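A.B. asks: My questions will all concern the structure given below.
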Amino acid sequence: MSLILPSHTFSRRQLLQWSGLSIAGSLLSGCGSNLFSEQIGQTFEPLNQSIEALMLSQKPVPEFPVSAIEADQLLINTFDHTPQIDPAQFRLIINGEVNYPMQLSMTEIQQLPLTSMVIRHVCVEGWAAIVQWGGVRLQELAKLVQPKPSASYVYFKSADFYYESWDIASALHPQTLMAYQKNGQPLSVDHGAPLRLASPIKLGYKQSKWVTQITFLRDLPKDSGYWETQGYEWFAGL
Ligand SMILES: Nc1nc2c(c(=O)[nH]1)N[C@H]1C(S)=C(S)[C@@H](COP(=O)(O)O)O[C@H]1N2
Ligand SMILES: [Mo]
């Protein structure tokens, strides 16, 4: 069960040990002797400094207690159809301006550190709900693929033809998750299974469901998002 990399294959254990290293620790230090470089040699370079600075600089927004979850308030908001994705066949493609493009299975994604947060989801159509999301930080995935210094935007492609793009700072915010749990349960298909974006810093329409591909980009694409083509704001911060 190794991850698919362009020219190297690592054991899951190596990748997990690597991704588990603290940011402040050896991974980003550029220091030659650390667990990671001992294991994998010189294959990986430290994350570039602008990405490292982004990851370290952003403060989490306050979260709610589990008791505040409004389980009945989170509506299903799907504009087109609900795609059926076989989670066993699913592969999340991560590519673009990265050193190590990858395809990850749900099993591999679920072996990365699980982050859970209780936040308010706000839909521009006039409803909101406090919801708990569980998943992997996009930051954690970025540590694996290593965005190049040129990466300034992140593009998310969904299985229902939905698409969105984010600024890289928001994408690497510590509470931007690729979620596979909702309110402590496995995410349902209606809410975006197997994998969706979840974040307390962006409006609901930025939080793509059924994400199949994450592409790091140098430039903001002209067609920057599904709702943006309808005249809605691109940044859509909360
Ligand atoms: N792929 C996809 N993602 C999507 C949508 C969609 O129609 N398709 N709707 C968006 C909108 S407007 C909102 S408010 C949230 C709703 O998420 P929910 O259906 O899980 O409540 O998903 C967002 N992500
Ligand atoms: Mo929405």
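A.B. asks: If packing is taken as the average number of other Cβ atoms within 10 Å across a peptide's residues, how do 81-94, 133-146 rank, most packed first?
C.D. replies: Those peptides, ordered most packed to least, come out 133-146, 81-94.
A.B. asks: Another question about this same structure. Mind running the shape call on the stretch 52-109? Use the C-alpha gyration tensor, a ≥ b ≥ c as the square roots of the eigenvalues: rounded below 1.5 for a/c, prolate if a/b tops b/c, oblate otherwise.
C.D. replies: Note, shape of the stretch 52-109 comes out oblate.
A.B. asks: Right, something else. Pop out the ³J(HN,Hα) list for the stretch 128-144 in order, Karplus 6.51 cos²θ - 1.76 cosθ + 1.60 with θ = phi - 60°, rounded to Hz; leave Gly and Pro as x.
C.D. replies: 8, 7, 7, 9, 9, 10, x, x, 9, 4, 4, 3, 5, 5, 5, 4, 6
A.B. asks: Separate question: Which residues' amide hydrogens lie under 5 Å from the amide hydrogen of LEU187, considering only partners 5 or more residues apart or on another chain, with H built in the peptide plane?
C.D. replies: When sequence neighbours closer than 5 places are left aside, the close amide H contacts are GLN181, LYS182.
A.B. asks: Here's something else I'd like to know. Whole-Hz Karplus ³J(HN,Hα) for the stretch 65-70, in order, using 6.51 cos²θ - 1.76 cosθ + 1.60 and θ = phi - 60°, x for Gly and Pro?
C.D. replies: x, 4, 5, 8, 4, 9
A.B. asks: Along the stretch 222-238, what does the Karplus equation 6.51 cos²θ - 1.76 cosθ + 1.60 (θ = phi - 60°) give for ³J(HN,Hα), rounded to whole Hz, x for Gly and Pro?
C.D. replies: 4, 8, 8, x, 4, 6, 5, 5, 8, x, 7, 5, 6, 5, 6, x, 9
A.B. asks: Going down the list LYS59/LYS209; LYS143/LYS222; LYS59/LYS206; LYS182/LYS209; LYS148/LYS209, which pairs span over 22 Å between their C-alpha atoms?
C.D. replies: Over 22 Å apart, Cα to Cα: LYS59/LYS209; LYS143/LYS222; LYS148/LYS209.
A.B. asks: Considering amide H positions built from the backbone, and no H for Pro or chain starts, which residues 5 or more places from HIS121, or on another chain, come under 5 Å of its amide H?
C.D. replies: ALA129, ILE130, VAL131
A.B. asks: Classify the stretch 103-188 as rounded, prolate or oblate from the Cα gyration tensor: take a ≥ b ≥ c as the square roots of its eigenvalues, call it rounded if a/c is under 1.5, otherwise prolate when a/b beats b/c and oblate if not.
C.D. replies: Oblate, since a/c reaches 1.5 and b/c is not below a/b.
A.B. asks: If packing is taken as the mean number of other Cβ atoms within 10 Å per residue, what is the order of 153-164, 51-62, 193-204, highest first?
C.D. replies: The densest-packed peptide leads the list: 193-204, 153-164, 51-62.
A.B. asks: Separate question: Between ALA128 and LYS222, take the C-beta separation as r, use R0 = 35 Å, and let me know the FRET efficiency to the nearest 0.05.
C.D. replies: Result of the calculation: an efficiency of 0.70.
A.B. asks: Shape call for the stretch 132-238 from the C-alpha gyration tensor, a ≥ b ≥ c root eigenvalues: rounded (a/c under 1.5), prolate (a/b greater than b/c) or oblate?
C.D. replies: Verdict is oblate for the stretch 132-238.
A.B. asks: When we measure straight from the Cα of LYS202, which aspartates and glutamates land under 18 angstrom away, once same-chain ones fewer than 8 places off are left out?
C.D. replies: Those aspartates and glutamates meeting the cut-off are GLU63, GLU125, GLU164, ASP167, GLU228, GLU233.
Each value in this text was obtained by applying a stated rule to the coordinates, not by laboratory testing. What you are looking at is a predicted structure, and each value in this text was computed from that prediction instead of being measured. So basically every Cβ, Gly included, is an ideal-geometry build from the backbone, and we count neighbours across all protein chains shown.
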